[in-house]
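Take a look at the structure below.
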Amino acid sequence: QVQVVESGGGLVQPGGSLRLSCAASGSTDSNDTMGWYRQTPGNQREWVAIITSSSITNYSEFVKGRFTISRDNAKNTVYLQMNSLKPEDTAVYYCYADVRSWRYWGQGTQVTVSS
């Protein structure tokens, strides 16, 4: 079994920064691809960023240049550094880990960007 747990969400003013963390535990290893999605009420979950086991990254167009995804393989943890946050970044952010062809999701962490 695999557990994925996010942390680090909260309330931040426009232009501010937050760093989300995502720890995967259980039957995981450093070869797993991990990433982030986000979802607002009434909308589908949308992809944000991905990082492979060799730290190759990719971002959606709406966060490119503002968000940075990274990982610490020793801790099996992925981070999402979010800078220059905008009100439209407000969402529940979900982390996932692809482990042996199965996707495991975290419970989500709320990010609210508001003055």
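The values are calculated or read from the model by the stated rules, or taken from the named source; none is laboratory data. This structure is a prediction, so every number in the text was calculated from the model and none was measured. Here Cβ is always computed from backbone atoms with ideal geometry, including for glycine, and neighbour counts include all displayed protein chains. Quick note on the areas: whole protein, heavy atoms, side chains included, nothing else; ligands and nucleic acids left out. Shrake-Rupley method; radii C 1.70, N 1.55, O 1.52, S 1.80 Å.
For the chain, what relative contact order do you get, as a whole percent, if you take Cα pairs closer than 8 Å and at least 6 residues apart? All intermediate terms of the calculation are to be shown ahead of the outcome.
Working: 281 pairs, mean separation 42.5, N = 115.
Taking the mean separation of contacting Cα pairs over the length of the chain, I get 37 percent.
How would region 44-99 be classified by its alpha-carbon gyration tensor: rounded, prolate or oblate, with rounded meaning a/c under 1.5 and the a/b versus b/c comparison settling the rest?
Taking the square roots of the gyration eigenvalues as a ≥ b ≥ c, region 44-99 is prolate.
Tell me whether the chain comes out rounded, prolate or oblate; compute the Cα gyration tensor, take square roots of the eigenvalues as a ≥ b ≥ c, and use a/c under 1.5 as the rounded threshold.
Details: a/c = 1.88, a/b = 1.65, b/c = 1.14.
Verdict is prolate for the chain.
What's the FRET efficiency of Gln107 with Ser60 using the Cβ-Cβ distance as r and R₀ = 25 Å, to the nearest 0.05?
Working from the Cβ atoms, E equals 0.70.
Quantify, in whole percent, the carbon and sulfur part of the accessible surface of region 1-99 (1.4 Å probe; protein heavy atoms only).
47
Taking amide H positions as placed in the peptide plane 1.01 Å from N, state which residues far from Phe67 in sequence (5 or more) or on other chains have amide H under 5 Å from it.
Hits under the 5 Å cutoff: Asn83.
Can you work out the Karplus-derived ³J(HN,Hα) for every residue in region 64-76? Use 6.51 cos²θ - 1.76 cosθ + 1.60 with θ = phi - 60°, whole Hz, and x for glycine or proline.
4, x, 10, 9, 10, 9, 8, 8, 10, 5, 5, 9, 6
Along region 53-61, what does the Karplus equation 6.51 cos²θ - 1.76 cosθ + 1.60 (θ = phi - 60°) give for ³J(HN,Hα), rounded to whole Hz, x for Gly and Pro?
Those phi angles translate into 5, 9, 6, 6, 10, 8, 9, 6, 5 Hz.
Size of the dipole of the chain about the Cα centre, Lys and Arg at +1 and Asp and Glu at -1 on the beta carbon, nothing else charged, in debye to 20?
80
Once Lys and Arg get +1 and Asp and Glu get -1 on their Cβ, which of Val63, Asn73, Leu85 lies farthest toward the positive end of the dipole of region 43-95?
Asn73
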